[in-house]
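Structure, as structure tokens:
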Amino acid sequence: MKYGLLYHYWSDGWSCDYIETAKKIKNAGFDVMEIGGDHLSQMSAQEMDALHGTTQDLGLEMSVNIGPARDQDLASEDKATRERGVAYLSDVLRRMDRIGSKMMIGALYTYWPADFSIENDKERAWERSIASLRELAKVAEDLGATCSLEILNRYEGYILNTCEEGLEYLKRIGSPNIKLLLDTFHMSIDEDSLPGAIRLAGDRLGHMHLGEGNRKVPGLGSMPWAEIGQALRDIHFNGFAVIEPFMRYGGQIAKDVHLWHDFFPGATEADMDRMLADSLAFLKQNFEA
Ligand SMILES: [Mn+2]
């Protein structure tokens, strides 16, 4: 298992200088930087090669986090929208190959967050998105990449809310290159047991997102981290465990994740660094017992 961090930890917006961020993430003791798929899809060949070179020099691996837009929805009723989604994700997979990344993650099967003001037909959404993902799986298979589908809590999605559902969904796709992503934050809302869901996923677990119930870094809340660590050891999880915190108040990210108050008024960058270091040490203590 390798420890990672999502790129926006020090920022309150979604933009990012990846070269500088890669150095900070490595400095903080992580082996994986999770980057944004939308950013990767906009990079020039030169930018991709610079990112690849920097991360190779640092010994940093990358996973690519995607929150597809509504006009790229793999579950859409509209065929052209689904095709646009498959084309977009296929392009990101090819770009990942260029930067040496093998793990694409997120709620790839639809757009994020779900629109609950419309009537959502879950059964049909499954059929349509499964057909789309079978096409994407072929691209992933050719590149030796894996797509890990994120299970979302009920307030952000309706297609996959539990690990059990995710496993049935994977079975219907039928590709070894499509796996599941379990995120402790989402799990805490819709799973009976966090370690239980991890054991249920077993070797179908491709990726983990780690965070407390309020999306602070691990160690500042009440998640059962020791039990989560035991479950990951039980299934011999050897993927990336990526901390995905949303702690900064006052920017676009806070709005998008519905953070309406300041957890740490007046926190400096040094305070942020210290919380991150403490969290990584805490995780290692709990996961490597
Ligand atoms: Mn997540």
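Read-outs: derived from the displayed coordinates by stated rules, not from any lab. Here the structure is a predicted model, which is why all the values come from computation and not from measurement. Every residue, glycine among them, receives a Cβ derived from its backbone with ideal geometry; neighbour counts consider all protein chains shown.
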**Message:** Which GluC sites (Glu not before Pro) in segment 45-113 sit in a loop by DSSP (not H, G, I, E or B) and have at most 14 other Cβ atoms within 10 Å of their own Cβ?
**Reply:** E77
**Prompt:** Counting every Cα pair in segment 132-289, what percent are over 22 Å apart?
**Reply:** 45
**Request:** Specify whether the C-alpha gyration tensor of segment 100-210 places it in the rounded, prolate or oblate class, a ≥ b ≥ c being the square roots of the eigenvalues: rounded for a/c under 1.5, otherwise prolate if a/b is larger than b/c and oblate if not.
**Result:** oblate
**Pairwise centroid distance, computed over Cα atoms, of segment 102-164 with segment 177-220, Å** = 16
**Complete:** Total charge of the residues flanking A50 in space, meaning their Cβ is under 15 Å from its Cβ, with Lys and Arg +1 and Asp and Glu -1, is -2
**Request:** Above 19 angstrom, tally the Cα pairs of segment 177-258 and express them as a % of all pairs, no decimals.
**Result:** 36
**Message:** Quick check of the Kirkwood formula: for segment 2-287, what is the inverse mean of 1/r over all pairs of different Cα atoms, in Å?
**Reply:** 19.1
**Fill in**
Sorted by chain and then number, the residues having a modelled amide H within less than 5 Å of the amide H of G67, at least 5 places away or on another chain, are G37, D38
**Asked** Does segment 65-144 come out rounded, prolate or oblate, given a ≥ b ≥ c as the square roots of the eigenvalues of its C-alpha gyration tensor, rounded meaning a/c under 1.5 and, failing that, prolate meaning a/b above b/c?
**Response** prolate
**Prompt:** Given springs between every Cα pair under 10 Å in a Gaussian network model of the chain, which of D273, D256, D190 has the largest fluctuation?
**Reply:** D256
**Message:** Roughly how far apart, in whole Å, are the Cα centres of segment 1-78 and segment 224-289?
**Reply:** 17
**Request:** Enumerate the helices in the chain for which the Kyte-Doolittle hydropathy averages -0.5 or more and the C-alpha atoms extend at least 24 Å along the helix's axis, using complete DSSP H runs.
**Result:** 269-287
**Complete:** From the cross-link list K79/K255; K26/K102; K171/K216, the entries with a Cα-Cα span beyond 24 Å are K79/K255; K171/K216
